[in-house]
């Protein structure tokens, strides 16, 4: 009798498993939002004193916020290719505007489409145009808001049109393919200079300003700008953030009305930040200090991620594709850094699950860089220290991020602790550079037409020599000064 009971138990268990496998859980929808030029410390969720981001703050409260997310580059093109591939810029090769993503490097959109997702991209800003290879893997890649006049690239408003296009696509998808999961990539450009938010956001944070600065051509402003004028520039930047946040509120509300929020993984991040004379410059694309590299990373996944979770440890934008795939359960091992690389992309999803043992987050190293002027500037960033090397001058600086998070004081001297830190960081950089030298990257030449070239010139990204991009010379490096009080 015991043998019969055992057989019946095994049979019943097997039928249970079969029954459970007949209706696997539906894969979640995915919305990946990149807000161009958004530094994390200007959001309320990251402690900012102004109310710039109520919708993003609410998203963070309902999900996870990464306190220290590091972009791989201080400008749009290489950072976004990293966001889509999980590869460091030096490992995907798109480090100047003369290069595009190679066909042999897979993208997040390709992995998701291969897994059965409907894929759609809605982008703005010239560096997101398909000439650079972003459109691979997308069923629809709408770049109509990026293919605009040079003047509109600087002064136009694009977020409302982009949000409307996403809402229209969602409605069409609901009618035609309601059971197919979707992946939407949304790139919002309005926070990028010029800083010309529409009313009432243009005077929201500095209503009594009476000076002459109007938010145009900010990358050409003198380092000797007055504190009052600099504070107004920051207020206009914050107005752009608040305006963009309001448009995201429209999208989030629309998704709620359609019953999509509960089944959608939402990721919000940025490609780089913005400098306001913390280290002598206004704008971005040149230096590798944290005001250009520390970006928001907020992930909301109702029922799957613990609300209000904060990850303090350092992570990188190159970890984003594998984390999205990890949260959806999709296996795509080809996404991310090559297997022999000295640094690897990480799937951060285990640290976002309720049942995972917290407190065992690994130490990851970031190698932010800017290679657009000759040898450019490279850096090594751990959770505690940072080394910056100027390749052209063969000069380096070292900062203690714990004691000096704003990177104001270079460490000098020859103490044992400093010598040990220098040795460790230089060894990390040396191993990284040796691997790069031995690893060829196929990044074909991009075909930039006259219209795109005019856009880039209007934005200040001018070609100073073949293969390089540089901001205009009207904003040379100058003395650092404290940014307006935060």
Specify which of the listed residues (447, 486) is assigned to a loop (DSSP other than H, G, I, E, B) and either at pLDDT below 75 or surrounded by 12 or more Cβ atoms within 10 Å (Cβ to Cβ) (or both). 486
Pick out the one residue from 134, 127 that is at pLDDT below 95, in a loop (DSSP other than H, G, I, E, B), at negative phi and surrounded by 19 or more Cβ atoms within 10 Å (Cβ to Cβ). 134
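One line per residue, one yes/no per condition, for (1) at pLDDT 95 or above; (2) surrounded by fewer than 23 Cβ atoms within 10 Å (Cβ to Cβ); (3) at positive phi:
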{"site": "112", "(1), (2), (3)": "yes, no, no"}
{"site": "115", "(1), (2), (3)": "yes, yes, no"}
{"site": "144", "(1), (2), (3)": "no, yes, no"}
{"site": "149", "(1), (2), (3)": "no, yes, no"}
If residue 394 passes every condition in (1) at pLDDT below 85; (2) on the phi > 0 side of the Ramachandran plot; (3) surrounded by 13 or more Cβ atoms within 10 Å (Cβ to Cβ) but one, which one does it miss? (3)
Consider the stretch 177-200. How many of its residues are modelled with pLDDT of 95 or more, more than 14 Å from residue 119 (Cα to Cα) and surrounded by fewer than 22 Cβ atoms within 10 Å (Cβ to Cβ)? 4
Taking the criterion of being within 22 Å of residue 265 (Cα to Cα), out of contact with any strand residue (DSSP E or B) (no Cβ under 8 Å at 6 or more places or on another chain), touching a residue at least 60 places away in the same chain (Cβ under 8 Å) and not in a loop (DSSP other than H, G, I, E, B), would at least one residue in the stretch 85-96 satisfy it? yes
State whether one or more residues within the stretch 71-82 are within 18 Å of the chain's Cα centre (by Cα), surrounded by fewer than 19 Cβ atoms within 10 Å (Cβ to Cβ) and modelled with pLDDT of 95 or more. no
Does residue 206 satisfy the criteria of being part of a loop (DSSP other than H, G, I, E, B), modelled with pLDDT of 95 or more, more than 17 Å from residue 283 (Cβ to Cβ) and assigned by TED's automatic domain parsing to the domain that holds residue 267? yes
Checked 143, 228 against criteria (touching a strand residue (DSSP E or B) at 6+ places or on another chain (Cβ under 6 Å) and assigned by TED's automatic domain parsing to the domain that holds residue 32); the one match is 143
Determine whether the stretch 40-47 contains at least one residue that is surrounded by fewer than 24 Cβ atoms within 10 Å (Cβ to Cβ), within 18 Å of the chain's Cα centre (by Cα), more than 23 Å from residue 249 (Cα to Cα) and at pLDDT 95 or above. no
Look at residue 64 and say whether it is surrounded by 24 or more Cβ atoms within 10 Å (Cβ to Cβ), in the same structural domain as residue 293 (by TED's automatic domain parsing) and within 18 Å of the chain's Cα centre (by Cα). no
Please report, ordered by residue number, the helices (runs of 4 or more DSSP H) entirely within the stretch 217-329 with at least 3 residues that are within 29 Å of residue 456 (Cβ to Cβ). 227-257, 290-293
Quick check: anything in the stretch 156-174 part of a helix (DSSP H, G or I), buried (at least 23 other Cβ atoms within 10 Å of the Cβ) and either out of contact with any strand residue (DSSP E or B) (no Cβ under 9 Å at 6 or more places or on another chain) or modelled with pLDDT under 90 (or both)? no
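The values are calculated or read from the model by the stated rules, or taken from the named source; none is laboratory data. Predicted model only: the values in this text are computed from it and were never measured. Here Cβ is always computed from backbone atoms with ideal geometry, including for glycine, and neighbour counts include all displayed protein chains.
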